[in-house]
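Only one structure is covered here, and it is reproduced in the block below.
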Amino acid sequence: QVQLVESGGGLVQPGGSLRLSCAASGSGIIMNVMGWYRQAPGKERELVAEITRGGTTNSADSVKGRFTISRGNAKNTVYLQMNALKPEDTAVYYCSAPLWGITYWGKGTLVTVSS
């Protein structure tokens, strides 16, 4: 049973920073792709950023230059460094990883950007 566990959300003022972490367990292998999605109230879930095992990244235009995704030394960990946060970044952030045709999701961590 693959499990993804996120941590690091919270309340931050506009312009501030947060770092999200996600650890995957139960797969027995290194996940080829790990990513972060977010869902704001009343909106659909959207891709924030994703990273392959080899380090290739892809991110949404809305976060380029502000958010950085990286893999940990334990390869089934992924981080999202979020800088210059804006109120529109407020959402529940989900860690995601596809494996053998199934997309696994964490339970999510809430990020609130507000003064």
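Figures for the structure shown
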| quantity | calculated |
| --- | --- |
| Top-ranked residue of segment 1-20 - restricted to ones that are surrounded by 16 or more Cβ atoms within 10 Å (Cβ to Cβ) and over 17 Å from Ser114 (Cα atoms), ranked as farthest from the chain's Cα centre (by Cα) | Val2 |
| Which numbered condition Leu85 fails, given (1) within 13 Å of the chain's Cα centre (by Cα); (2) of a type in the set (A, V, I, L, M, F, W, C); (3) buried (at least 19 other Cβ atoms within 10 Å of the Cβ) | (1) |
| Residue within segment 101-110 that is farther than 18 Å from Glu44 by Cα, in a loop (DSSP other than H, G, I, E, B) and either open to solvent by 30 Å² or more (accessible area, probe 1.4 Å) or among the aliphatic types (A, V, I, L, M) (or both) present | yes |
| Boolean, Val78 is open to solvent by less than 30 Å² (accessible area, probe 1.4 Å) and either in a loop (DSSP other than H, G, I, E, B) or at pLDDT 95 or above (or both) | yes |
| Residue check, Gly26 in contact with a Phe, Trp or Tyr (Cβ under 7 Å, 6 or more places away or on another chain) and on the phi > 0 side of the Ramachandran plot | no |
| Flag if Ala49 is touching a residue at least 24 places away in the same chain (Cβ under 8 Å), of a type in the set (A, V, I, L, M, F, W, C), open to solvent by 30 Å² or more (accessible area, probe 1.4 Å) and in a strand (DSSP E or B) | no |
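The values are calculated or read from the model by the stated rules, or taken from the named source; none is laboratory data. Since the structure is predicted, the reported quantities are computational estimates derived from the model, not experimental observations. Virtual Cβ from ideal backbone geometry, glycine too; neighbours counted across all protein chains shown. Ligands, DNA and RNA are excluded from the accessible area calculation, which covers all protein heavy atoms including side chains. Shrake-Rupley method; radii C 1.70, N 1.55, O 1.52, S 1.80 Å.
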